[in-house]
Amino acid sequence: MARIAYVNGRYGPISAARVSVEDRGFQFADGVYEVLKLIRGRLVDADRHLARLRRSLGELRIEPPCSDAALQRVVKETITRNGLGNALIYIQVSRGTAPRNHPFPAAAKPTLVVTLRRLNLPGATELEKGTKIITLLDERWGRCDIKSTGLLPNVLAKQAAQEAGCREAWLYDAAASDDPVITEGSSTNAWIVDENGVLRTHPTGSAILGGVTRSVVLELAVAAGVKVEQRAFTLGELRRAREAFLTSATSLVLPVTTIDGHPVANGMPGETTRRLMADYAAHCGI
Ligand code: PDD
């Protein structure tokens with residue numbers, strides 16, 4: 001079955017889907033996006049993803065292209081036309097098309113693109129043995145809470161991770177500091193169980209994207225009786241951690257067992273991580 005994309009009111013083969021070269025998404029990365037997953041035909045946490053999309057648009061003063069209900073209908077129709085039961089759905093909205101000029105155009109209609117691709121969840125070995133990450137300087141802008149399509153530092157960090165044979169790069173916030181704070185990963189949120197047994201992740205704010213998976217895992221941790229704090233941890237604390245894991249819509253809860261070539265604790269996924277992996281998988285219907 002050919003992949004079908006939605007672009008500004010039309011459905012068609014993705015190979016023929018087009019936006020203008022004057023689209024501000026292309027010219028300035030003046031746009032936002034969302035990624036949500038479909039598991040066995042069911043959208044996971046759609047309301048939270050659509051709320052975040054609306055927030056990102058509001059922060060950039062981009063007019064929502066349609067109501068949430070209309071967007072849900074477009075997403076559902078794109079799913080039907082692609083015939084996938086397990087998929088990743090990308091919703092991208094730019095400020096629209098206008099002659100190139102930095103200030104907001106007086107009258108531009110936002111561009112809306114919805115595409116789907118097959119969902120590749122982490123494989124059994126990575127889930128059982130954990131994954132490897134590197135740490136790198138966070139070179140992003142000051143509004144990482146906005147899910148902007150301006151992802152160049154994230155792209156460079158992910159490429160560096162891949163070239164180091166790792167899945168992800170976790171980013172630290174100050175090169176000058178002896179013990180900088182870890183903000184998050186290039187496309188994931190970062191978590192540890194610290195040396196005192198407390199589950200920790202960076203608080204929301206402008207330094208990180210408030211992950212939908214992060215918000216669900218915080219609730220699951222509380223429900224499981226895990227002691228959890230939204231408090232940033234440093235690179236030093238990461239090296240001394242009992243457990244580490246990352247979260248995102250695409251990676252689920254994934255244990256991190258090697259950091260910059262060194263094992264986390266005994267090098268195997270810990271008890272809290274395994275509990276939250278199971279609880280999050282159940283939440284998604286996996
Ligand atoms: N990435 N931090 C960043 C910088 C991200 O890009 C993402 C998501 C997350 C996790 O958010 P969530 O749990 O809502 O997926 C954290 C998506 C999956 C992507 O860009 O592909």
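What do you reckon, is residue 44 out of contact with any Cys (no Cβ under 7 Å at 6 or more places or on another chain) and crowded, with 16+ Cβ neighbours inside 10 Å? So residue 44 fails the test.
When residue 272 is tested against (1) buried (at least 20 other Cβ atoms within 10 Å of the Cβ); (2) within 14 Å of the ligand (Cβ to nearest atom); (3) over 27 Å from residue 118 (Cβ atoms); (4) of a type in the set (Ser, Thr, Tyr), exactly one condition is not met: (2). Could you check region 20-45 and list, in sequence order, the residues that are within 21 Å of residue 79 (Cα to Cα) and either at pLDDT below 95 or touching a helix residue (DSSP H, G or I) at 6+ places or on another chain (Cβ under 7 Å) (or both)? Once the filter is applied, which keeps residues that are within 21 Å of residue 79 (Cα to Cα) and either at pLDDT below 95 or touching a helix residue (DSSP H, G or I) at 6+ places or on another chain (Cβ under 7 Å) (or both), region 20-45 yields 32, 34, 36, 38, 39, 44, 45. Residue pairs whose Cβ atoms lie under 6 Å apart, separated by 6 or more positions or on different chains, with the first residue in region 246-272 and among the charged types (D, E, K, R) and the second modelled with pLDDT of 95 or more, are 260/134; 260/135. You will find that of 112, 116, the residue that is within 16 Å of the ligand (Cβ to nearest atom), at pLDDT 95 or above and at negative phi is 116 and no other.
Considering only residues that are within 19 Å of residue 53 (Cα to Cα) and free of Cβ contacts under 8 Å to residues at least 60 places away in the same chain, which ones fall in region 88-108? Of everything in region 88-108, those that are within 19 Å of residue 53 (Cα to Cα) and free of Cβ contacts under 8 Å to residues at least 60 places away in the same chain turn out to be 89, 90, 91.
Results for (1) over 22 Å from the mean Cα position of the chain (by Cα); (2) under 18 Å from residue 146 (Cβ atoms), shown as yes or no for each residue.
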{"site": "19", "(1), (2)": "yes, no"}
{"site": "39", "(1), (2)": "no, no"}
{"site": "52", "(1), (2)": "no, yes"}
{"site": "59", "(1), (2)": "no, yes"}
{"site": "68", "(1), (2)": "no, no"}
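Restricting 64, 99, 105 to residues that are in contact with a Leu (Cβ under 6 Å, 6 or more places away or on another chain), surrounded by fewer than 20 Cβ atoms within 10 Å (Cβ to Cβ) and not charged (D, E, K, R) narrows the list to 64.
Exactly one residue out of 145, 173 is more than 30 Å from residue 39 (Cβ to Cβ) and touching a Leu at 6+ places or on another chain (Cβ under 9 Å), and it is 173. The one condition from (1) in contact (Cβ under 8 Å) with a residue 60 or more places away in the chain; (2) touching an Asp or Glu at 6+ places or on another chain (Cβ under 8 Å) that residue 215 does not meet is (2). The condition of being assigned to a strand (DSSP E or B), within 16 Å of the ligand (Cβ to nearest atom) and either modelled with pLDDT under 95 or of a type in the set (A, V, I, L, M) (or both) holds for only one of 50, 88, that being 88.
The values are calculated or read from the model by the stated rules, or taken from the named source; none is laboratory data. Computed from a predicted model, the values in this text were never measured in an experiment. Note that each Cβ is placed from the backbone with ideal geometry, even for glycine, and that neighbours are counted across all protein chains shown.
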